[in-house]
Amino acid sequence: MTHSGSVLRVPPLSPQLHDAVGERYDAVDPADLDTRGGDVVAIVCSNASPVDADLIAALPRLGVIANHGVGYDNIDVPAALARGIAVSHTPGVLDDAVAETALALLLAVRRQVVAADRFVRDGRWLDGSFPLTDQVAGSLVGIIGLGRIGQAVATRLEALGCTVSYHNRHRLADVPYDYAASPAELAAAADSLVVVVPGGDDTTALIDRAVLDALGPDGVLVNIARGSVVDQPALVAALQDGRLGGAGLDVYADEPRVPEELTTMDNVVLLPHVASGTHVTRAAMRALTLDNLASWLADGTLRTPIPELAQ
């Protein structure tokens, strides 16, 4: 069964995705909803685009939400599913880029890459050598969330000679890594902790003071998941107090606002939510978003529905 109607573009979208929707469909922007809301059958959004229950309720013909991102906590999924609205995301195509970013952050913090760069630029090398740093190779790294991206991170860590362990809601039968029953248990046994779980109510403040204290004054936290997954005030306090050794962060609780305290710490490396930000990955994400939209409009199916639709 084909579906006809307009497609709402919920910002922020990349210019390429914004333009592609406009070229292929009758596109509607939020400013036009007062007069065009009844025409909208589909939404295209990114994982920074809010699609809440009020917006969903305002679109009586809405049938699909195509999200440009593997995470979709920007969408009120219960409100969508209660209306029978299909939701898609873009898993798989960004695994390599995000895993690379996790490794880059871990290496940057442990080897103090950013601080060493400033050391050279500031001319301080003339006054003596840069201090010795920690080594990632041979260390123990715990991964919170061993899905596709988590396993891609694990593979790269193994190549460095790291010992990998993990925590999931459930133990996985087909992986060779040791399992920890809780995040705190995993952190206590690890030198570094990489967080890769989805955002949402189930994982809010999953990494709390107890986990940070278990990781300890020599430990490093890397977060490439969502800012909500880490108790950010507790993280800042742990770093200030020396109860945590360092952090590599791509995500924050209130993006794009970053706590000023973090920006002054040499043992913290900060990225502006760019884990999937490569040309190749974003092109693949864009193509999959548009493929999901085209498929639903053509026959009501999705290439990559969110897991809740498969349950």
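Some values worked out for this structure:
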{"item": "Qualifying positions in region 279-311 - buried (at least 17 other Cβ atoms within 10 Å of the Cβ), out of contact with any Pro (no Cβ under 7 Å at 6 or more places or on another chain) and part of a loop (DSSP other than H, G, I, E, B)", "result": "302, 306"}
{"item": "Counted residues, region 87-103 - those being under 10 Å from residue 222 (Cβ atoms) and either modelled with pLDDT under 95 or touching a strand residue (DSSP E or B) at 6+ places or on another chain (Cβ under 8 Å) (or both)", "result": "1"}
{"item": "Out of 180, 154, sole residue that is crowded, with 17+ Cβ neighbours inside 10 Å, among the hydrophobic types (A, V, I, L, M, F, W, C), at pLDDT 95 or above and under 18 Å from the mean Cα position of the chain (by Cα)", "result": "154"}
{"item": "1 or more residues among the hydroxyl-bearing types (Ser, Thr, Tyr): qualifying helices (runs of 4 or more DSSP H) within region 156-268", "result": "260-263"}
{"item": "Only listed residue being hydrophobic (A, V, I, L, M, F, W, C), buried (at least 23 other Cβ atoms within 10 Å of the Cβ), under 28 Å from residue 166 (Cα atoms) and not assigned by TED's automatic domain parsing to the domain that holds residue 81, chosen from 244, 262", "result": "244"}
{"item": "Unmet criterion (only one of (1) under 22 Å from residue 276 (Cβ atoms); (2) β-branched (Val, Ile, Thr); (3) out of contact with any Pro (no Cβ under 8 Å at 6 or more places or on another chain)) for residue 144", "result": "(3)"}
{"item": "Pair list, Cβ under 6 Å, 6 or more apart: region 172-190 residue in the same structural domain as residue 162 (by TED's automatic domain parsing) and aromatic (Phe, Trp, Tyr), other residue modelled with pLDDT of 95 or more and not in a loop (DSSP other than H, G, I, E, B)", "result": "177/164; 177/165; 177/166"}
{"item": "Those residues of region 1-17 which are more than 19 Å from residue 55 (Cα to Cα), touching a strand residue (DSSP E or B) at 6+ places or on another chain (Cβ under 9 Å) and at pLDDT 95 or above, in sequence order", "result": "14, 17"}
{"item": "Top-ranked residue in region 185-203 [being farther than 15 Å from residue 140 by Cβ and of a type outside the set (S, T, N, Q); ranked as surrounded by the fewest Cβ atoms within 10 Å (Cβ to Cβ)]", "result": "201"}
{"item": "Strands (runs of 3 or more DSSP E) wholly inside region 1-103 containing at least 3 residues that are without any contact (Cβ under 8 Å) to a residue 24 or more places away in the chain and surrounded by fewer than 23 Cβ atoms within 10 Å (Cβ to Cβ)", "result": "none"}
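The values are calculated or read from the model by the stated rules, or taken from the named source; none is laboratory data. Model, not experiment: these values are computed from the prediction. We place every Cβ from the backbone using ideal geometry, glycine too, and count neighbours over all the protein chains shown.
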